[in-house]
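Taking it in order: structure first as structure tokens, then the write-up.
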Amino acid sequence: MAFNSLIFAGFLFTVFLCYWSLPSKPLGIRNAFLLIASYIFYGWWDWHFLGLIALNSTVDYAIGVSLHQTQSNSKRKLLLGVSLTINLGILGLFKYYDFFINSAIDVLETIGLQANLHTLSIILPVGISFYTFQTLSYTIDIYREKIVPTKNAIAYFAFVSFFPQLVAGPIERASHLLPQFLERKSFNLEQTKDGLRQILWGLFKKTVIADNLAPYVDKIFSNYEVYPGPMLLLGTVYFAIQIYCDFSGYSDMAIGTARLFGFNLKRNFAYPYFSRNIGEFWRRWHISLSTWFRDYVYIPLGGNRTKTSFGHYSNLILTFTISGFWHGANWTFVIWGFLNGLYYLSPVLRGTHTHQTAVVAMGRFWPTPLEFFQICRTFTLISFAWIFFRANSFSHAIGFISHIGSSNWIAPLRHTKGLWYVLLILVIDWIQREKHHPLDVSTLPRVTRWAIYYILAILILFLGKTGHVPFIYFQF
Amino acid sequence: MFRLFISNSEMSTSDRTVLWPFLRRILTFLFPFILIGLTMEFALWKTGDAWSPRSALIHQQQSTTESIYGPRFFSDQFNIFKLSGIRYRQPSILSIGSSRVMQIRDMMFHPLEKEFYNGGGILRNAFDLHTFADILTREELPLPKVLIVGIDPWWLRTHYGKATWLNDSDGRSSFAGHIEAFRQILKKGAFQQVFTATSSFKSPGFGYDAIGTYARIEGTGFRKDGSSLYPSKVFREFVESPVYVDRESPAIIDRIRKTKREFSLPATIDEHRVRLIIEALSRIKNKGVEVYAFMPPFSEEAFEALEDSQALHQWWNYYKHKFPKILEKHDIFITPVSNPAQFELDDRYMFDGWHPSEVYMGHLVKRMIEKSPDSSYLKNVRLKNLTLSIKNAAIPLAFKRPDSPTAAGLN
């Protein structure tokens, strides 16, 4: 049941009506209802994996309670170890087992040894990387005594499986989302309206922009040998916009959906392509994952408090590389992560990585020439790294990149229709970049607002891809 | 637990007081979409486009006169329509292939007209034939006595279709299909046509019963025997100016010369696909079905272009010379690829570079029957009738002239 399907629209409408028709006291009723709805939502893909999410939740709920009750340091470490082993073990089995086996076979074959290893060829349960990180952060935060565990099992289970953000984030922290399950909610009209606006905007980005660019990207990346260099650059730009609209579109729909039920999820994207350096980009792109890796990988590794600068830099690169590997069991993702780590070093070395926290050209319409140059530079670097993210294999990426330089540069451009979509999204994002999301138009007169909604709805109906094009991040 | 619901009803009442006005506003916003959607759906249902292919087929087959099924929207229903037709008619003589076999008609098999069905259009590549053989040999379709299979040259080549298209997809049954239909109605200026089709029940040209917008507005669609009727405009234009025109877009001759689409490069033979075709035909034959492979013709100009093309040389020669020999080696009867000149006809007997007219197809069927073994079921066909039809054909494109008053200039 994808967000861009009619069945989800029906599901959401039904759940929304039932949820607000239920009494808000005791809390358990609405939470139990959300839990059931979330399990139905997840089971729609493959009910076999419901057991997995239930197991994950049960283990971390029990460990959380035990951690809080245990004073002994060694026991606490043991409990944390059990949680890490089970969570990462399940993730490793489903997501990385085949990758490691295949890599081992490749290595053994290159040194002339015949390996008798077998892969499992099992399906990757949708959303496993997301909800595993969510439950992991829960136990780690209890271990660090940043939060106390909840004794409300229904609230906890609903928090782990909350359907708006279950399959592709934003990755929520218990400290932020769990308390929202423990408070009484009343229907908030303004919040609901804004939620609907964000859903509409996300759907527009996904079905109109991302899905219309997808065929061009697929054609160019699959047949890069026959395209001239400028077309490959165009394909790279298209992919940069496609993945942005696909994933941020999903996040917008997730955040908007949660708001319909009175929940506030973390912001996941903040106009990342208007970033002036890589540091700023990573504060604006997939924010919930970046901060997760900062808090649970980078800082535990030592962060910037190492004895040598080398330690700091290696921590950075390692964190980015692991983050790349989180995306998928393929060397292309590892290289993508590593490359971003390298990029990140540059502002760190110059000490500018924490600069530029405010949105670019705040209070002005046009950026300065320097800002414009910085935005273009960041976009170019990021887009180059996206080639590895999109490529099927390392050799595919290298072939693509080398063909950019070696091929014909005076051939006419094709597939330029996609540029209209690129322009459209960049212009709207630029105009609205100071807003929480581009469709935050609550201050406009109602006639204008409705006109905007109708235009977007008509564009979705007429230009949006009607077949179900899966969200890119569902594969992670 | 139940008591809690009752005692706390006040809480949800306060929510409800805000919720219902909000829902009303949402409905108000959606009202224009709902209204337009329902109007369109009603119109599509009235034209017959939104009928299920099975119910359209039953309606057509039960009609006492000729009836044309030609929906304009939800066009991917044809597989279901044709497969349902085969199940319904249980033909002894079945023809299958691409659109290039669609001019084979029941009247060519007199007195076995009722025993014939044209399943043309359901096979587009070698994988489709393989799937069809699976369905037929599993007896999910009634086994015919005779199977006429049109094999196109691109079925043998690499880079043409990666998988079978022969599935049960029906755009009508998905929301996406309806959205696509609405887009077509509004984008292509078909709005007026749809609304005209809601009240017009006969096809222009021949005045047949018509189901679907294309059938009602352009007079094109599938006849009861599964064969296809071209738009009445084609016949009208031919009567006004009886010359050959390649009506495909882009023209077949251009596709060949520019090596585009079906004739794109590299045009190499895919042995796997060749094996799939042979294996599928052999399996059907082993079920006791007489299999007549048939290589649909090309216009003279297209045929000549194929002969002259260096880029397509290897593929074309394989199709023309080697492939028939392979089929013969497997005891499969084959009618080789031809052009009108080989039957002392000319390109006016072609709708375009690769679709023969029903008159030309009559010649091909006649030759097939003549050359069939004495034991063949086809020998029950009285060729005299077919010969007479060919001789008395009204125009090179059709045995009969459209005579409906709506076919301007043809009476």
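Quick look at the values:
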quantity: Close pairs from region A:429-455: first of a type in the set (S, T, N, Q), partner outside any loop (DSSP other than H, G, I, E, B) and surrounded by 14 or more Cβ atoms within 10 Å (Cβ to Cβ), Cβ under 8 Å, at least 6 apart; calculated: A:Ser442/A:Lys193; A:Ser442/A:Asp194; A:Ser442/A:Arg197; A:Ser442/A:Arg449
quantity: Region A:17-32 - residue that is open to solvent by 10 Å² or more (accessible area, probe 1.4 Å) and facing another protein chain (nearest Cβ under 9 Å) and, of those, nearest to the chain's Cα centre (by Cα); calculated: A:Leu17
quantity: Single condition B:His159 does not satisfy, out of (1) more than 14 Å from chain A (Cβ to nearest Cβ); (2) more than 22 Å from the chain's Cα centre (by Cα); (3) of a type outside the set (Gly, Ala, Ser); calculated: (1)
quantity: From the options A:Gly337, A:Gly341, residue that is in a helix (DSSP H, G or I), of a type in the set (Gly, Ala, Ser) and in contact with a His (Cβ under 8 Å, 6 or more places away or on another chain); calculated: A:Gly337
quantity: Leading residue by the ranking (surrounded by the fewest Cβ atoms within 10 Å (Cβ to Cβ)) among those in region A:163-196 that are in a helix (DSSP H, G or I) and within 12 Å of another protein chain (Cβ to nearest Cβ); calculated: A:Glu190
quantity: Region B:143-168: number of residues that are more than 30 Å from B:Trp316 (Cα to Cα) and surrounded by 15 or more Cβ atoms within 10 Å (Cβ to Cβ); calculated: 3
quantity: Residue check, A:Arg390 basic (Lys, Arg), without any contact (Cβ under 8 Å) to a residue 40 or more places away in the chain, assigned by TED's automatic domain parsing to the domain that holds A:Leu426 and under 24 Å from A:Asp429 (Cα atoms); calculated: no
quantity: Within region A:451-469, tally of residues that are at the interface with chain B (Cβ under 8 Å from one of its Cβ atoms) and hydrophobic (A, V, I, L, M, F, W, C); calculated: 3
quantity: Selected residue (only one of B:Ser169, B:Ser174, B:Ser203, B:Ser199 is under 22 Å from the mean Cα position of the chain (by Cα) and at pLDDT 85 or above); calculated: B:Ser203
quantity: Conditions (1) buried (at least 17 other Cβ atoms within 10 Å of the Cβ); (2) out of contact with any helix residue (DSSP H, G or I) (no Cβ under 8 Å at 6 or more places or on another chain); (3) of a type outside the set (D, E, K, R); number of the one not met by A:Thr308; calculated: (1)
quantity: The one condition in (1) farther than 29 Å from B:Val18 by Cβ; (2) open to solvent by 10 Å² or more (accessible area, probe 1.4 Å) that A:Cys245 fails to fulfil; calculated: (2)
quantity: Residue within region A:137-149 that is within 30 Å of A:Leu444 (Cβ to Cβ), in contact (Cβ under 8 Å) with a residue 12 or more places away in the chain and away from every other protein chain (no Cβ under 14 Å) present; calculated: no
quantity: Test: residue in region B:72-82 that is buried (at least 23 other Cβ atoms within 10 Å of the Cβ), more than 18 Å from the chain's Cα centre (by Cα) and modelled with pLDDT under 95; calculated: no
quantity: Strands (runs of 3 or more DSSP E) lying entirely in region B:43-152 (those with 1 or more residues that are in contact with a strand residue (DSSP E or B) (Cβ under 6 Å, 6 or more places away or on another chain), farther than 30 Å from B:Ile185 by Cβ and in contact (Cβ under 8 Å) with a residue 40 or more places away in the chain); calculated: B:93-97, B:116-120, B:146-150
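The values are calculated or read from the model by the stated rules, or taken from the named source; none is laboratory data. Remember, it's a predicted structure, so these values are computed and weren't measured experimentally. FYI the Cβ positions are ideal-geometry reconstructions off the backbone, even for glycines, and counts take in every protein chain you see. Quick note on the areas: whole protein, heavy atoms, side chains included, nothing else; ligands and nucleic acids left out. Shrake-Rupley method; radii C 1.70, N 1.55, O 1.52, S 1.80 Å.
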